[in-house]
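*Asks:* The structure follows.
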Amino acid sequence: MLTAQVKEFGGPEVLVPVTVPDPEPGPGEVLIEVSHADTIFLETQLRAGWGGEYFTVTPPYVPGGGVAGTVRAIGAGTGARWLGRRVAAFVDGSYAERALAPADALTPVPEGLDLPAAAALVHDGVTAMGLLERIALTAGDRVLILGASGGMGTLLVQLAHARGARVVAAARGDRKRALVRRLGADETVDVTTADWPEQARAALGGAADVVLDGVGGPLGAAALPLTAPGGRFSAHGAPTGAFADLDRADATRRGVTLYGIADAQYTADEVVRLRTAAFAAAAAGRLTPVIGQRVPLAEAARAHRLIEGREVVGKVVLEAAR
């Protein structure tokens, strides 16, 4: 089968097609014929050699952690009911034509949801649903979303709007701002302008009850003062190269509750529950994953260039089915 492997740390060019034997499902496992594989910005950072203090990755390796496809084989002790089913799951190494997953980690893909959309939701749908649940976003909350035009940001905009929050979406440029307005943002700000924090404060009506920082770095740090006393701040993203360096003393003085990447980790049962909820919302038309580009698996290096170039709105997904 075809895979895309990181041969060494470096630029997108180190991500190359490699053919390997098909995996065999062991006890309690299934073999998924991958239709589409998820991509997230973190995978480009790991490929470049970032994050060694957080993640254990050694080349050569197959990147990726989520797929959508069809179960083609099952291991011993696995219920035959899964054979032929459309499913999504976290896997080790999703940039591949076939992948193994534990049967108890599978999420069925419902009628009304296609496999590319399921792949776009397999990771970000879980995180977006889980973040808003953990941070207890409610109707009337004023919420600032950084990185609003990305794969998860576009989901957060829709979900926050559906909960009755006032949504201020921060994005880069007119095209991305127009997208998030269509998805339900009440106001938008362009983070490429020097005075974007002042614009955001005005749009929020003074301050944010909730800040969802999917960007990190200086942008995330600049958003902390926009959080109202007693508010909540989630620093869960680092596509700028680092999580936001937050003034924790200031947060404590003002009673701001800080959430980090550890708060966006879920048990296996929670993952299935949250993904099932995201799939149901998407199948019913209440949630739309935004797919900016579909790239063949053999061109995974191009997918990483697109992600790093930051011109694509929403998700880049890999097409594994030929």
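*Asks:* State all residues of segment 91-109 that are assigned to a loop (DSSP other than H, G, I, E, B), of a type outside the set (S, T, N, Q) and under 19 Å from the mean Cα position of the chain (by Cα); if no residue qualifies, say none. I'd like the intermediate steps shown before the answer.
*Replies:* So the first thing to find is which residues in segment 91-109 are assigned to a loop (DSSP other than H, G, I, E, B), and the list is 91-95, 97, 106, 109.
With of a type outside the set (S, T, N, Q) added as a condition, the list becomes 91-93, 95, 97, 106, 109.
Answer for segment 91-109, where residues must be assigned to a loop (DSSP other than H, G, I, E, B), of a type outside the set (S, T, N, Q) and under 19 Å from the mean Cα position of the chain (by Cα): 91, 92, 93, 95, 106, 109.
*Asks:* Quick one: is residue 147 under 20 Å from residue 311 (Cα atoms) and touching a helix residue (DSSP H, G or I) at 6+ places or on another chain (Cβ under 7 Å)? Write out each step before concluding.
*Replies:* Numbers: under 20 Å from residue 311 (Cα atoms): yes; touching a helix residue (DSSP H, G or I) at 6+ places or on another chain (Cβ under 7 Å): yes.
Here the answer is yes, as residue 147 does meet what is asked.
*Asks:* Sticking with this structure for a sec: Can you tell me which residue within segment 294-318, out of those that are part of a helix (DSSP H, G or I) and among the small types (Gly, Ala, Ser), is nearest to residue 153 (Cα to Cα)?
*Replies:* Ranking the qualifying residues of segment 294-318, first place goes to 309.
*Asks:* Within the group 242, 300, 282, 278, which residue is under 30 Å from residue 3 (Cα atoms) and assigned by TED's automatic domain parsing to the domain that holds residue 159?
*Replies:* Going through 242, 300, 282, 278 in turn, the sole match is 242.
*Asks:* Being more than 28 Å from residue 157 (Cα to Cα) and touching a Phe, Trp or Tyr at 6+ places or on another chain (Cβ under 8 Å) is true for just one of 48, 88. Which residue is that?
*Replies:* Going through 48, 88 in turn, the sole match is 48.
*Asks:* For a quick check of your reading of the model, give me the residue pairs whose first member lies in segment 245-264 and is aromatic (Phe, Trp, Tyr), whose second is surrounded by 14 or more Cβ atoms within 10 Å (Cβ to Cβ), with beta-carbon atoms closer than 6 Å and at least 6 apart or on different chains.
*Replies:* The qualifying pairs are 259/234.
*Asks:* For segment 192-209, state whether one or more residues are charged (D, E, K, R) and buried (at least 23 other Cβ atoms within 10 Å of the Cβ).
*Replies:* No: segment 192-209 contains no residue that is charged (D, E, K, R) and buried (at least 23 other Cβ atoms within 10 Å of the Cβ).
*Asks:* If you go through segment 192-248, how many residues are in a helix (DSSP H, G or I) and either modelled with pLDDT of 95 or more or within 25 Å of residue 40 (Cβ to Cβ) (or both)?
*Replies:* The total comes to 19.
*Asks:* Output the residue which, of all residues in segment 26-45 that are at pLDDT 95 or above and more than 19 Å from residue 320 (Cα to Cα), is surrounded by the most Cβ atoms within 10 Å (Cβ to Cβ).
*Replies:* Among those that are at pLDDT 95 or above and more than 19 Å from residue 320 (Cα to Cα), it is 29.
*Asks:* Yes or no: residue 46 outside any strand (DSSP E or B) and in the same structural domain as residue 314 (by TED's automatic domain parsing)?
*Replies:* Yes.
*Asks:* Only one residue in 160, 178, 148 is over 19 Å from residue 282 (Cβ atoms), of a type in the set (A, V, I, L, M, F, W, C) and either in a helix (DSSP H, G or I) or not assigned by TED's automatic domain parsing to the domain that holds residue 312 (or both). Which one?
*Replies:* Checking each option against the conditions leaves just 178.
*Asks:* Tally up the residues in segment 72-90 that are surrounded by fewer than 24 Cβ atoms within 10 Å (Cβ to Cβ) and not in a loop (DSSP other than H, G, I, E, B), please.
*Replies:* Result for segment 72-90: 9.
*Asks:* Do you know which of the residues in segment 265-277 that are in a helix (DSSP H, G or I) and without any contact (Cβ under 8 Å) to a residue 12 or more places away in the chain is farthest from residue 155 (Cα to Cα)?
*Replies:* That would be 269.
*Asks:* On the given criteria, is residue 66 among the small types (Gly, Ala, Ser), within 26 Å of residue 261 (Cα to Cα) and out of contact with any strand residue (DSSP E or B) (no Cβ under 9 Å at 6 or more places or on another chain)?
*Replies:* no
*Asks:* Now for a different question. For the subset of segment 210-227 comprising residues that are free of Cβ contacts under 8 Å to residues at least 40 places away in the same chain and of a type in the set (A, V, I, L, M), which member is surrounded by the most Cβ atoms within 10 Å (Cβ to Cβ)?
*Replies:* Here the answer is 224.
The values are calculated or read from the model by the stated rules, or taken from the named source; none is laboratory data. Treat the numbers as computed from the prediction; the structure is a model and nothing was measured. Note: ideal-geometry Cβ built from the backbone for every residue, glycine included; neighbour counts use all protein chains shown.
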